[in-house]
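Here you go, one structure.
The values are calculated or read from the model by the stated rules, or taken from the named source; none is laboratory data. Since the structure is predicted, the reported quantities are computational estimates derived from the model, not experimental observations. Backbone-built Cβ (ideal geometry, glycine too); neighbour counts: all protein chains shown.
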Amino acid sequence: MQTRPLFRDDFYLSTAEGVVTGLAEDGAILLDQTCFYATSGGQPGDSGFFERADGSRIDIAVARHGASKDIILHQPAEGAPRPEIGETLVLHIDWPRRYRLMRMHTACHLLSVVCPYPITGAAVGEEESRVDFDMTETIDRDTVTADLMRLVGENHPIYLQWITDEELVANPGIVKSKNVRPPVGLGRVSLVCIGKDAAIDSQPCGGTHVSETAEVGAIHIARIEKKGKENRRFRIRFGAPDAT
């Protein structure tokens, strides 16, 4: 059964109601709709808890996709009770964790603006993220940090635009990732746009993001690692450079 992904239309939705529509063999819970982001595109899935009618809770370790992208499974923590089919639950994501991931994911997009090279890999974390670029150039990490903080300080708006699967296929140049293609098959694809009229950036992405660049806060490039002749790994961390 499909799950309506409420987070696709509202990144700041931290609680919602959902009805249990199925239980997987491993105990994962399927709902008719959810505000829990499922692990995808380098961004970890949400954790949190479900509140039952009697006030008790079902702790959720992570949300993940099922057999397809339109199925979202919520994996309970070990020892958590199982809900009943048809039961209505109040869903609560771990908001502080999600918000840090939103800020970090947006920081990765800003890095792709500062370093306009094909992306070969990425992973979003709560404390540190990494982005790998197909590049051979030597680049100074302090210069990259300064360019990132300039974009943060300019406080550009961030918003979504939607295109159809067909429009994405017809415009492959808008995809920055070299190895991972945006998921199609859901009918529409979200473009994360930065700046008025997407003047700073626009790229397909199904992750969650903040609404303006200032929300990212202080970030810096902790390290730039050489991972092969034509691959450089940038590690982004929160805080000022001297915080490390």
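Check F11 against each of (1) part of a loop (DSSP other than H, G, I, E, B); (2) under 29 Å from I194 (Cβ atoms); (3) in contact with a strand residue (DSSP E or B) (Cβ under 8 Å, 6 or more places away or on another chain) and name the one condition it does not meet.
(3)
So which residues in region 95-110 are surrounded by fewer than 17 Cβ atoms within 10 Å (Cβ to Cβ) and touching a residue at least 40 places away in the same chain (Cβ under 8 Å), if there are any at all?
At the first step, the residues of region 95-110 found to be surrounded by fewer than 17 Cβ atoms within 10 Å (Cβ to Cβ) are 95-97.
Those that are surrounded by fewer than 17 Cβ atoms within 10 Å (Cβ to Cβ) and touching a residue at least 40 places away in the same chain (Cβ under 8 Å): W95, R97.
Surrounded by fewer than 16 Cβ atoms within 10 Å (Cβ to Cβ) and either assigned to a strand (DSSP E or B) or not assigned by TED's automatic domain parsing to the domain that holds G239 (or both): which single residue out of G18, G79 fits that description? Walk me through it before giving the result.
Values: G18 fails: surrounded by fewer than 16 Cβ atoms within 10 Å (Cβ to Cβ).
After ruling out the rest, the residue left standing is G79.
Can you name the residue in region 30-50 that is over 8 Å from the mean Cα position of the chain (by Cα) and outside any loop (DSSP other than H, G, I, E, B) and is also farthest from T15 (Cα to Cα) among such residues?
L30
While we're on this one: Go through the residues of region 173-184 one by one and say whether even a single one is in the same structural domain as E215 (by TED's automatic domain parsing), over 26 Å from A16 (Cβ atoms) and in a helix (DSSP H, G or I).
Yes, that holds for at least one residue.
For L191, state whether it is surrounded by fewer than 16 Cβ atoms within 10 Å (Cβ to Cβ), at pLDDT 85 or above and of a type in the set (A, V, I, L, M).
Here the answer is no, as L191 does not meet what is asked.
Of the residues V169, V113, V90, which single one is surrounded by fewer than 20 Cβ atoms within 10 Å (Cβ to Cβ), in a helix (DSSP H, G or I) and touching a strand residue (DSSP E or B) at 6+ places or on another chain (Cβ under 6 Å)?
V113
For (1) among the basic types (K, R); (2) at positive phi; (3) surrounded by fewer than 21 Cβ atoms within 10 Å (Cβ to Cβ), each residue gets a yes or a no:
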| residue | (1), (2), (3) |
| --- | --- |
| G195 | no, yes, yes |
| S202 | no, no, yes |
| G217 | no, yes, yes |
| A222 | no, no, yes |
| K227 | yes, no, yes |
| R235 | yes, no, yes |
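Among the residues of region 70-77, is there at least one that is modelled with pLDDT of 95 or more and charged (D, E, K, R)?
No, because not a single residue in region 70-77 is modelled with pLDDT of 95 or more and charged (D, E, K, R).
So which residues in region 7-51 are over 17 Å from L89 (Cβ atoms) and of a type in the set (D, E)?
D9, D10, E25, D26
Residues are listed down the side, and each one gets a yes or a no for (1) modelled with pLDDT under 95; (2) outside any strand (DSSP E or B); (3) under 15 Å from the mean Cα position of the chain (by Cα):
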position	(1), (2), (3)
G206	yes, yes, yes
H209	no, yes, yes
A214	no, yes, no
I221	no, no, no
K229	yes, yes, no
F234	no, no, no
R237	no, no, no
D242	yes, yes, no
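Filtering region 116-153 down to residues that are of a type in the set (S, T, N, Q) and in contact with a His (Cβ under 9 Å, 6 or more places away or on another chain), which residue is surrounded by the fewest Cβ atoms within 10 Å (Cβ to Cβ)? Before you say what the answer is, go through the steps one by one.
We begin by selecting, within region 116-153, every residue of a type in the set (S, T, N, Q); these are 120, 129, 136, 138, 143, 145.
Still in the list and also in contact with a His (Cβ under 9 Å, 6 or more places away or on another chain): 129, 145.
Values: S129: 24, T145: 20.
This residue is T145.
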